[in-house]
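> Below is a structure I'd like to ask you about.
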């Protein structure tokens, strides 16, 4: 029997704000435990939340980028449950009236199909329970509340994905976009981007959805596809063997490579949502939406198209250069300073990306300023150095931080354009390779190339290749 | 001095006729003297108070402006946070809790030169109408040692009535300032929702809670409200409405005033003596130049059930943070049984019976399958109630009712029957549900040989505390009920 998987995702993304969503504490990751806390995010008696406007703008930014309808009024609600890392005994979230509805994101799978979004809502993160790593961890759990109150958006998709690969692609694209617009840092290890999957299967051709299981903790690209695939197979096996899928929450156990039941529908929490009385409804007017819209960076698709149209780059180049906003920004600066978009593209995609890759670093940490790279390109374009020398110069610039001009001058790498000097070198080469000269005269063009190479070699690579070519031909004819 | 109003103390301190330290010492002595019989205070902090008072004197000597409450001793209900001062909400679960921060009202009082002397007893987490739900024992009304001072701000009202302080703060969720003020024969003002910041008030029901003053005169309530009121960036529900000069509104004038009387509402279940005092008070208002207008509040009869649905729902969530994890009481029994056992033992041992009753009721109200029928329905009726008042205020300026349908009852009299206790809130729950300001002022006595105080309640338009205080003050000028002192006062 053929089965079709149906997958929807719930993504939690930390918003890159300086301070928490309901208090002024820092959101910086990695501080000593419980050093970024106050009465509000510790849930002390009498403390009250005040909404961080920057968090709202960040969420609006994500919503606009994903084509959602930002709601003129949304309402915070309390999600009530007991857990030690939840200091108030409830999480402030949004429930019946979220910040944004609708929206979609295209994936390449299925021929550029769009995955629909149900909603985006704002909420606060909880603290972190530390069950391991202490001498008394067999008896005690410690809690770090630094993360308590860090602003989040939850993005809920429609059940529009039909394979684990599609879901993984969607998640990767969503991550790229959130990082691109500066809303999220994309760091899954630090938990600033997390994903749960709702998985069901149905017989091919069947309209109704099957019973779904929620798979929690699929927090890396590596595991995501594995976890979802495992769950799909598990459900198919169950149905094939005459069993039924039960609605439940399952946890991905990365070590064991399987999902395990966490709680059944009957054990599911009754969160007793109700409107948060400590916060007035959140009103977002059109002016605010437009203000945020004006801060939206050009999106990758649009930027790629512009690179093709404005710079005459091949689609492939434009795609590589728009992998990240930082790389695209870097490229544009090199291109405009150098006045040669194609050469800029070749350098950025070639030497620069290769070097970054070799050094295991990223564009954000590149020590070479775009102006400096542009300087190198200008030297090549002006014929001051040859392309092959330019690659050596690039490496030296990257390592020393000195400019192309300095390096070329200091090392005497400037191209030899002087006719007399070149003719002298050519004379030596011709004298040393009489046989080759005879072959060229007999019409073997390949051997002409050999002689060019010898001239370049004799000049230490500095001979102006075009001029050397011309003069070599002239000298061979002249010596006949 | 102990009979002085807050205003008189402030004037004397500001003029240098008496020092804040002298005032403070006199009141501290008085508090110690009366507290044994009243149990009005959970904590008296003489060292801190005297240091604060000395600071006021120092600043005055340095020529700084003295502040609107210069040298005035102030007692706080024990659900208001003061940095470094034990704040218990009269609950075992917070018996040893010391807040690391000040409530906004505490900052405002101290900035105005007020001297915080201690924390007053109350019903646990402000849940109750008799102050019998305190983990630290009941308070007694200074008027009769075997009777309740009302609740939940019973200690705050009793302390003022007994001359222990000229000004105390209470919190009012369903009458918790006004009813004890009535039972103790003093003035209690619940401001409009949003008028006073709730930051630092231990939440009972967030959409209803308001902090307000308890005083012996309407003029002192006006003085205190002026200090307390105003927008607070730390409370998103605090209002940006401008704060008028409440004291300047006290013109003594009430001619042309239209007083609405919901006759049908006050006809039922009101004690005869209370009824007589209320009618007499209406008569006084009329003699003062006010016009009495019969009004209807058709949905007022639903106010108690609506209140006990909304308030308990919010309370069940607000009190979830008392879980033994971060602060407060934690049960150490059977720690090996794990987290859930720790939660339930901590909360079972830490909370009193009434608090647990309300948490359970509120949890039920919000549960899946019941939310629409209870919580949502209650919110809808709340809207109707608000409309009742809006319509009434098209025709009248204030609404008058008794504060409580009964005079102070005997301790223990209603403890066994929570519903009977809840019903005594009949006249005080609709204002918080509608967000409206209301004041209770002394309007007579019932009973013999004991004299048990009766309160007149005036309810006003949103943010129109000025009119309430003007009428209350004008009424005081025509009567001397507010000047009566309990037998304890010697």
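The values are calculated or read from the model by the stated rules, or taken from the named source; none is laboratory data. Predicted model, so just to flag it, every value in this text is computed and none were measured. Cβ: placed from backbone, ideal geometry, glycine included. Neighbour counts: every protein chain shown.
> Considering only segment A:183-198, I want to know if a residue exists there that is over 17 Å from the mean Cα position of the chain (by Cα), in a helix (DSSP H, G or I) and touching a residue at least 60 places away in the same chain (Cβ under 8 Å).
No, segment A:183-198 contains no residue that is over 17 Å from the mean Cα position of the chain (by Cα), in a helix (DSSP H, G or I) and touching a residue at least 60 places away in the same chain (Cβ under 8 Å).
> If a residue has to be in contact (Cβ under 8 Å) with a residue 60 or more places away in the chain, out of contact with any helix residue (DSSP H, G or I) (no Cβ under 9 Å at 6 or more places or on another chain) and within 28 Å of residue A:276 (Cα to Cα) to count, how many in segment B:282-324 make the cut?
Number satisfying all stated conditions: 0.
> Oh, and also: Among the residues of segment B:179-202, what is the count of those that are under 17 Å from residue B:119 (Cβ atoms) and within 14 Å of another protein chain (Cβ to nearest Cβ)?
Residues meeting the conditions: 3.
> In addition: I'm trying to understand the selection: among the residues of segment B:314-338, which are more than 10 Å from chain A (Cβ to nearest Cβ), at pLDDT 95 or above and either touching a strand residue (DSSP E or B) at 6+ places or on another chain (Cβ under 8 Å) or assigned to a helix (DSSP H, G or I) (or both)?
Of everything in segment B:314-338, just one residue is more than 10 Å from chain A (Cβ to nearest Cβ), at pLDDT 95 or above and either touching a strand residue (DSSP E or B) at 6+ places or on another chain (Cβ under 8 Å) or assigned to a helix (DSSP H, G or I) (or both), namely B:315.
> I'm trying to understand the selection: among the residues of segment A:110-143, which are part of a loop (DSSP other than H, G, I, E, B) and surrounded by 15 or more Cβ atoms within 10 Å (Cβ to Cβ)?
Selection gives A:113, A:125, A:126, A:127, A:141.
> Another question, if that's okay. For segment A:25-49, how many residues meet the condition of being within 11 Å of another protein chain (Cβ to nearest Cβ) and either over 32 Å from the mean Cα position of the chain (by Cα) or loosely packed, with under 14 Cβ neighbours inside 10 Å (or both)?
Here the count works out to 11.
> Can you name every residue in segment B:85-101 that is surrounded by fewer than 24 Cβ atoms within 10 Å (Cβ to Cβ) and touching a helix residue (DSSP H, G or I) at 6+ places or on another chain (Cβ under 8 Å)?
Once the filter is applied, which keeps residues that are surrounded by fewer than 24 Cβ atoms within 10 Å (Cβ to Cβ) and touching a helix residue (DSSP H, G or I) at 6+ places or on another chain (Cβ under 8 Å), segment B:85-101 yields B:85, B:92.
> Right, residue A:385: in the same structural domain as residue A:342 (by TED's automatic domain parsing) and not in a helix (DSSP H, G or I) or not?
Yes.
> Which of the residues that make up segment A:51-68 are more than 16 Å from residue A:120 (Cα to Cα) and in contact (Cβ under 8 Å) with a residue 60 or more places away in the chain?
A:51, A:52
> I would also like to ask the following. Would segment B:155-178 turn up any residue that is free of Cβ contacts under 8 Å to residues at least 24 places away in the same chain, farther than 30 Å from residue B:449 by Cα and within 14 Å of another protein chain (Cβ to nearest Cβ)?
no
> Here's another thing I want to ask about it. Report yes if some residue within segment A:256-268 is touching a strand residue (DSSP E or B) at 6+ places or on another chain (Cβ under 6 Å), within 14 Å of chain B (Cβ to nearest Cβ) and part of a strand (DSSP E or B); otherwise report no.
Scanning segment A:256-268, I find at least one residue that is touching a strand residue (DSSP E or B) at 6+ places or on another chain (Cβ under 6 Å), within 14 Å of chain B (Cβ to nearest Cβ) and part of a strand (DSSP E or B), so the answer is yes.
> Going residue by residue through segment A:3-18, is there one that turns out to be within 14 Å of another protein chain (Cβ to nearest Cβ), crowded, with 20+ Cβ neighbours inside 10 Å and out of contact with any helix residue (DSSP H, G or I) (no Cβ under 7 Å at 6 or more places or on another chain)?
The answer is no; no qualifying residue exists.
> With a cut-off of at least 3 residues that are at negative phi and surrounded by fewer than 19 Cβ atoms within 10 Å (Cβ to Cβ), name the helices (runs of 4 or more DSSP H) lying wholly within segment B:339-454.
Where helices (runs of 4 or more DSSP H) fall fully within segment B:339-454 and carry at least 3 residues being at negative phi and surrounded by fewer than 19 Cβ atoms within 10 Å (Cβ to Cβ), they are B:339-350, B:353-366, B:377-392, B:418-423.
Quick grid of which residues meet (1) more than 14 Å from residue A:280 (Cα to Cα); (2) within 10 Å of chain B (Cβ to nearest Cβ); (3) crowded, with 16+ Cβ neighbours inside 10 Å:
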{"site": "A:71", "(1), (2), (3)": "yes, no, yes"}
{"site": "A:74", "(1), (2), (3)": "no, no, yes"}
{"site": "A:84", "(1), (2), (3)": "yes, yes, yes"}
{"site": "A:89", "(1), (2), (3)": "yes, yes, yes"}
{"site": "A:96", "(1), (2), (3)": "yes, no, no"}
{"site": "A:108", "(1), (2), (3)": "yes, no, no"}
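> Among (1) in contact with a strand residue (DSSP E or B) (Cβ under 7 Å, 6 or more places away or on another chain); (2) in contact (Cβ under 8 Å) with a residue 60 or more places away in the chain; (3) over 30 Å from residue B:18 (Cα atoms), which single condition is residue B:150 missing?
So residue B:150 meets the others, but not (1).
> Follow-up. From the set of residues in segment A:410-421 that are surrounded by 12 or more Cβ atoms within 10 Å (Cβ to Cβ) and part of a helix (DSSP H, G or I), which is nearest to the chain's Cα centre (by Cα)?
Selected residue: A:411.
> A further question follows. Among the residues of segment A:282-304 satisfying the criterion of being surrounded by 13 or more Cβ atoms within 10 Å (Cβ to Cβ) and in contact with a strand residue (DSSP E or B) (Cβ under 8 Å, 6 or more places away or on another chain), which is nearest to residue A:321 (Cα to Cα)?
Step by step, filter segment A:282-304, then rank; the result is A:289.
> Looking only at segment A:125-151, count how many residues are in contact with a helix residue (DSSP H, G or I) (Cβ under 9 Å, 6 or more places away or on another chain) and either under 21 Å from residue A:214 (Cα atoms) or modelled with pLDDT of 95 or more (or both).
1
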